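Just so it is clear, none of the values below were taken in a lab; they were calculated from the coordinates. Note that the coordinates shown come from a computational prediction; the quantities given were computed from them, not determined experimentally. Cβ coordinates were reconstructed from backbone atoms using ideal geometry, including for glycine residues, and neighbour counts include every protein chain displayed.
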Amino acid sequence: MSKFLMTSIGRKFLMSITGLFLVMFIGVHLTINLLLIVDNSGELFNQGAEFMATNPLIKIMEPILGLGFMIHIFWSFFLEYKNWKARPVKYAAKNMGASSSWASRNMLVLGALVLVFLVMHIIDFFWVIKFNPHTMPKTAEGLEDTYTLVASLFKESIVYGLFYILGGVLLGIHLSHGFWSAFQTLGLNNKNWLKRLQFVGKLYAIVIAVGFSIIPLYFMLGLYK
Amino acid sequence: MADKILKKLNIKVWRQNRASEKGKFENYTIENISTGSSFLEMMDILNNELIEKGIDPIAFDHDCREGICGTCSLYINGRPHGPDTEVTTCQLHMRKFKAGETITIEPWRARAFPVIKDLIVDRSAFDKILQAGGFVSVNTGGVPDANTIPVAYDDAEEAMDAAACIGCGACVAACKNSSAMLFVSAKVSHLAKLPQGRVEAKSRARNMIAKMDELGFGGCTNTGACEAECPKSISIVNIARLNREYLVARMSE
Amino acid sequence: MSILNSKIPEGPLAEKWSKHKGAIKVVSPANKRKLEIIVVGTGLGGASAAASLAELGYKVKAFCYQDSPRRAHSIAAQGGINAAKNYQNDNDSVHRLFYDTIKGGDYRSREANVYRLAEVSPNIIDQCVAQGVPFGREYGGLLDNRSFGGVLVSRTFYARGQTGQQLLIGAYQALNRQIAKGAVEMYSRHEMLDVVKIDGKARGIIARDLVTGKIKRFGAHAVVVATGGYGNVFFLSTNAMGSNGSAAWQCYKHGAFMSNPCFVQIHPTCIPVHGDQQSKLTLMSESLRNDGRVWVPKKKEDAVKLQKGEIGPNDIKDEDRDFYLERRYPSYGNLVPRDVASRAAKERCDEGFGVNGEGKAVFLDFKYSIERLGKKVIEARYGNLFQMYEKITDVDPYKEPMMIYPAIHYTMGGTWVDYNLMTTVPGLYAIGEANFSDHGANRLGASALMQGLADGYFILPYTIGDYLADEIMVPKIDTNKPEFEAAEKAVTGRIEILFNIKGKKTVDYFHKKLGQIMWDNVGMARNAEGLKIAIAEIKKIREEFWSDVKVPGELNNLNPELEKAGRVADFIDIGELMARDALDRNESCGGHFREESATEEGEAKRNDELFTYVSCWEFKGERKEPELHKEPLKFENIKLSQRSYK
């Protein structure tokens, strides 16, 4: 198996599997997050957060997810390095835009930018919730008020809001190629499904980008009032 | 329609006397080229001028000059086979260029395609990949009548679509990873789609990919540049099929 | 006459090949392993032969000048491959294919060889399908057929417009399999520069490694030349730029006779020459003549306006168009054989009715079939050809007629071989287009592929055994023998002479000059006076070439100009022999049209009484007149008749 993962297709296989796994996670994540703007009282979101924090299945998935992230990230550098080595002398004049999309050629750059965002994001929320729960705001009932933690951040700082919008958009662009590409790599594609998968991938990318962007926008524009 | 004359063109071209020597770009100018001339005819004219000036002519690969042998290559203004679609360099015509333009000509660049001289690269890696399994193991003679096994029309057509590959290497040249996946997938698809080739489909995919990796080609990241630059428009759907064949082959080990 | 033993077996035509196979010797598997065979060229003939011989157990060394065996010019064949399968139930048979081929060749080929070709043709299709050649199929899953010029049945198998490519890939796959097994040693980017004879037998070759410039020796018990035709004598042709006659010419110089060198096929539907910068002519498939109508203006003033670019083809009314093929040949119309269509186009253009700037083009118009069948049907049939035409000419053939003009396409003549495909040099074989054997004075469409594969898959692997069975005691050929030494020295010497002339004119200058003389005098119409001029002019070119050619670059490096120089030097010699042969053959047959031998209407007139023979030229020394031998052609199964397509 380890030999298989070192082959060119094996390398990509691992990226696809972890990528699709992350695609699913992102979907769940967005669904829960959208509760932020559905219910201004914050009750729904807090319940969601509570569920995610206590559900045993999610508990099991958490380290797997972490592993998925790690593999997807570290493997991408390895993969790109191998690919980069395949052309020791570079072209002097390139017009690659004539034949492929920017996103498809710059998945590593996009991924790295998303990673920067991810680190910030983890420091902002995950770290606080997971390891410093005592610093978190509390609800009237004395429960952890994740809603307020999130909402106040966006209400207080425009820079933060914009940063999160940027993160969502970058992720969307990453997915605009990544989604269908994962299916292609797994061989789950043919001449009829190529266009369909590409369409669904773009649609999903837009949903993710827009979905994650409207949350900070919602608070920045004061729509909760 | 009517041909015009391009008064002057600047040609910036990679010169490298042999594999072991260092190369560099040289600049030449050429005058009065008809827009009806093919790109390689322009190169012929330039070469004849260089010979007359006592300069070693530019070496480039070419043969049939009708877009089927796959010999011609050239990375022109940042694109394999130059600024036109569904053509090889020999079918590219000068009407795609403007007078006064600087045309940059480079060899295919890939670790697996080392430069031999100037614009000529060694593409024998493609032969080696095919030798690893790109065939049906039948000897001459003793085969059944051609109509013994019917082949669905659509399958035959898809096999033909893939078999149209001319092995020019534009896919490798276009790919940011110098991947040969489109080339390999074309052969794997061509044979996998036909009952005669189906028999060895698994081992074929496995062996050809192993050889491709060994020869130093990069991996596929599905940018689709290969399909866009392929003079025969071989589809990346073939790559999906190759992935499938390969994964199934490895899983069943 | 005694030198020429065609070894045609006795007995009824239909039994000759099977009887012969039963009579010839076979080499045991243990001995095959000890025998080496060199195959030069990897087109349909060479690749299929190399693969099949290796499968049998022989040790094979294969050579090609291209960077990969897959690029040989067989790849450019478009239309299809004939086979007497009778899948269409239209009463096709081996005999019918045989008859069509003999008649199409204007009765200048050997009955026995052609019959054998027709006989093995069905096996070729079986073999190709087994290899995974994606032939066109019908919805029921069975193989489809097309019909082709000069034939009344549908027997042409095809893979879109890329049949040659697909067949070559099939043979190349088989070759790759043997290379992987170590049964074939493949030498790409190697050019054969000489054949080495020891005790009168072919025992090896001298080749130049085109990358390093190194001259190398290769020994073998037999040498097979599958190096295609010499059409590039004309400079402009549909052949690949590298296609050359040099390997065959070296064989000629070592005693292999050259037969019917003047038989050249001129294909009527090529994209015309534009200006003087052109390097190569592009063929448009013969199939286009099924739906395109060929015409030129009726009035000379219209032609003049077209030539000046003052009007376009669509400005000329139907009644002012001269559909000259339909006019002259009402029963075959636009589908007359290639030689007839080519001559008719030349006749109109010579009369001043040509339609492009040079006055050397006629129209091939799809307007009428688009009106009749709709654009969609035409697009489905010829879409890729139309696209190719537009890419090259920037003219949309759906809106304006194509311009076409004849061009050199194929050489029926070539190295003389006997029934076993062996030349007059023992152990030296010639197959495919390189030999002269099957197409007479004109080749039918879709028959070149058939012959290449027949020779390589099904004929040579048997017949070579007859010779090699007597060679089993011969040890591995030692390339240190004086014969190799001398051959290498000669090759090196010639290259050095060429390189050191350091004259003023480029190789292309001489090639173009030669081509012009050949086209003007040894082209579509020939006469004694022109041929004599050609011989004299070619001699002058030879003198000038060897004193004023300029070969740049280095000897010990990749050097395309040096490669070309060697080939052009040989083209000059081949051109002269072609002119000589054409001069000798004072009759019109197939692609060879002597103006002295024509009917009152200007049609070709054969002279069976005097010329029912194969001309076989023997080399007598550099710059010496060759000697002509004649192999009489006997027709025991077919009655000779004058071809008519009216």
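Quick notes
- Here's how it looks for B:His93: its modeled amide H is under 5 Å from those of B:Phe39, which are all 5 or more places away or on a different chain.
- Using just its DSSP H runs of length 4 or more, each adding -39500 (n - 2.57), chain C gives a mean residue ellipticity at 222 nm of -11500 deg cm²/dmol after division by all residues.
- For the protein assembly as shown, the fraction of C-alpha pairs farther apart than 42 angstrom is 45 percent.
- √(5λ) per eigenvalue of the Cα gyration tensor, chain A, largest first, Å: 35, 20, 17
- Alpha-carbon Debye profile of region C:458-541, log10 I(q)/I(0) at 0.24 Å⁻¹: -1.13
- Two-decimal log10 I(q)/I(0) for region B:124-251, as the Debye equation yields it once each C-alpha is a single scatterer, q = 0.21 Å⁻¹: -1.23
- Label point distance in nm, B:Ser203-C:Thr492, each placed 7 Å from Cα along Cα→Cβ: 4.6 nm
- Whole-Hz couplings from phi, Karplus 6.51/-1.76/1.60, listed for region C:294-301; x for Gly and Pro: 8, 8, 9, x, 6, 8, 5, 5
- Karplus-derived 3J(HN,Hα), 6.51/-1.76/1.60, for each residue of region C:606-616, Hz, glycine and proline x: 7, 10, 6, 5, 9, 10, 7, 8, 9, 7, 10
- Kirkwood Rh, angstrom, region C:12-167 [1 / mean 1/r, Cα pairs]: 17.5 Å
- C:Val233 sits among other residues whose Cβ lies under 11 Å from its own Cβ, and their net charge, with Lys and Arg +1 and Asp and Glu -1, is -2.
- A Förster radius of 41 Å, combined with the Cβ-Cβ distance separating C:Asp548 from A:Lys90, puts the computed FRET efficiency at roughly 0.40.
- Region C:268-408: C-alpha gyration tensor shape, a/c 1.5 cut-off, then a/b vs b/c: rounded
- Part-to-part distance (alpha-carbon centres) for region C:598-637 and region C:250-323, which is given in Å: 28 Å
- Chain B: angle of helix B:237-251 to the longest principal axis, Cα-based, in degrees nearest 10: 40 degrees
- Between the helical axis of A:158-185 and the longest alpha-carbon principal axis of chain A there is an angle of about 40 degrees.
- Residue-count net charge about C:Leu152 - beta-carbon cut-off 15 Å; Lys, Arg +1, Asp, Glu -1: +2
- Kirkwood Rh (inverse of mean 1/r, distinct Cα pairs), region A:136-225, angstrom: 15.1 Å
- Proximity of backbone amide H atoms, modeled 1.01 Å from N, is registered between C:Phe353 and no other residue at under 5 Å, excluding neighbours fewer than 5 places apart on the same chain.
- Mean-position separation - Cα centroids, region C:156-181 and region A:191-225, in angstrom: 49 Å
- Amide H within-cut-off set for B:Ile103, under 5 Å, with H built and near neighbours excluded: B:Asn10, B:Ile11, B:Lys12
- The 3J(HN,Hα) values that the Karplus relation (6.51, -1.76, 1.60; θ = phi - 60°) gives for region B:160-176 are, in residue order, 5, 3, 6, 5, 5, 3, 9, x, 7, x, 4, 4, 5, 5, 7, 5, 5 Hz. Gly and Pro appear as x.
- Set C:Lys476/C:Lys624; C:Lys59/C:Lys550; B:Lys232/C:Lys32; B:Lys12/C:Lys504 screened for pairs whose C-alpha atoms are more than 32 Å apart: C:Lys476/C:Lys624; C:Lys59/C:Lys550; B:Lys232/C:Lys32
- Angle in degrees between helix A:43-54 and the longest Cα principal axis of chain A, rounded to the nearest 10: 60 degrees
- Considering only chain C, percent of DSSP beta bridges that pair antiparallel, nearest 5: 70 percent
- For the residues B:Ile33, B:Ile45, B:Ile11, a GNM of chain B with alpha-carbon springs under 10 Å puts the largest fluctuation on B:Ile45.
- Region C:567-584 residues near the modelled C:Leu610 label - backbone nitrogen below 17 Å, point 7 Å along Cα→Cβ: C:580-584
- Spherically averaged projected area of chain B from its Cα convex hull (nm²): 16.4 nm²
- Where labels lie 7 Å past Cα in the beta-carbon direction, separation of C:Leu628 and B:Lys12 in nm: 6.1 nm
- Within-13-Å neighbourhood charge of A:Phe4 [Cβ basis; K, R +1; D, E -1]: +3
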